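These notes concern the structure reproduced below.
Computed from the coordinates by the stated procedures, all read-outs in this text should not be read as laboratory data. As the structure is a prediction and not an experimental result, all values here were calculated from the model. Virtual Cβ from ideal backbone geometry, glycine too; neighbours counted across all protein chains shown.
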Amino acid sequence: MVNNVQNPSVCVFDSGIGGISLLFECVRRLPRVDFTYFADNYRVPYGNLPRAELIKRIDEIFEEISKSNPSAAVLACNTATAQSIDFLRNKYDFPILGIQPAIKPAVESGGKCLVLATPSTVKSESFKNLLERYGNSNTCVVACDKLAPYIEQNLLNLSATGVENLLPQCKADSVVLGCTHYVLAKKIIQSFYDCPVYDGIVGTADHLKNILGICDHNVQRAQKIAFSGGDSYKNRKVFNYILMQEEVLSP
Ligand code: DGL
């Protein structure tokens, strides 16, 4: 629990625009906390990179983040969480939260569960452990290498056919969106498979609220939301787009 912090500030990180889905939910839950969104849009995708390269890039950004002495940081990226959260938690002394594919509730809902994630997430030890713990013989994992970059480039004019062409053509009873970029195309993915779709957005945002909840009550001034690194103009535009069209993220 973070106590006695006068002006809580949280840094949220993703390779590109995907993490804005999680930023949005965090901002909504913590209206008196300041947020800075860090991204690396010009080097998306991260999802095909080997662990060593991912850690190198993410650590460069966390060096920047640590200078602002944040109350907490959120890895709004399943790939970054899977491959680098242990390294970052060992190195930095502020709380670092991550996001993981919501395999547990999806598998518990029964039937065939289709898990979509980046190749790097699927290869990670933490994903293998998650699958071993919560998956079953009816759980099917597909590494999508082109979907996140497609969404990164096309979100503001997203075509259903463009997304559908990059999805595995199969039937499913539930789908897990194991990449925050996919959450931005949730409506299209949901109607393509015509079944419930799960992601870790709400769970991670609730976790952040639990950590910061107490100090949040002490702050009176308006919330600041800043965008830093990568294409911050585009990231702000995507945030405003989600704000205007909340149904982008609604279940
Ligand atoms: N948004 C990231 C995730 O949740 C990955 C996107 C990328 O490949 O850069 O995994």
Taking alpha-carbon centroids only, the range 5-54 lies from the range 131-210 a number of Å equal to 18
HN-Hα couplings for the range 67-81 via Karplus (6.51, -1.76, 1.60; θ = phi - 60°), in whole Hz with x for Gly/Pro, come out as 5, 8, 6, x, 5, 6, 10, 10, 7, 8, 8, 4, 5, 5, 4
For the range 68-177, the dipole about the Cα centre with charges only on Cβ (Lys and Arg +1, Asp and Glu -1), to the nearest 20 debye, works out at 140
By the mean-Cβ-within-10 Å protection proxy, highest first, 64-72, 77-85, 143-151 rank as 77-85, 143-151, 64-72
Beyond 28 Å (Cα-Cα) in this structure, taken from Lys56/Lys171; Lys186/Lys209; Lys91/Lys237; Lys112/Lys234, we find Lys56/Lys171; Lys91/Lys237; Lys112/Lys234
Taking every other residue with Cβ under 11 Å from the Cβ of Ala102 and scoring Lys and Arg +1, Asp and Glu -1, one gets -1
Mean 1/r over distinct Cα pairs of the chain, inverted to a Kirkwood Rh in Å, yields 18.2
Expected vector for the range 116-131, Karplus 3J(HN,Hα) from phi with 6.51, -1.76, 1.60 and θ = phi - 60°, integer Hz, x for Gly and Pro, equals 10, 7, 6, x, 5, 5, 4, 6, 6, 4, 5, 5, 4, 5, 4, 5
Given Cβ charges of +1 for Lys and Arg and -1 for Asp and Glu, the option among Val122, Gln223, Ile17 whose Cα lies farthest towards the positive end of the dipole of the chain is Gln223
The long-range amide H neighbours of Phe227, using H built 1.01 Å from N in the peptide plane and a cut-off of under 5 Å, are Tyr37
Taking every other residue with Cβ under 13 Å from the Cβ of Gly162 and scoring Lys and Arg +1, Asp and Glu -1, one gets -1
A correct Kirkwood calculation over the Cα atoms of the range 7-61 returns a hydrodynamic radius in Å of 12.2
Length-normalised contact order of the range 1-147, Cα under 8 Å, at least 6 apart, in percent, tallies to 23
Note on the chain: contact order normalised by length, alpha-carbon pairs under 8 Å, 6 or more apart, percent, works out to 31
Label model pair Glu63, Arg133: point-to-point distance (7 angstrom along the Cα→beta-carbon line) in nm is 3.2
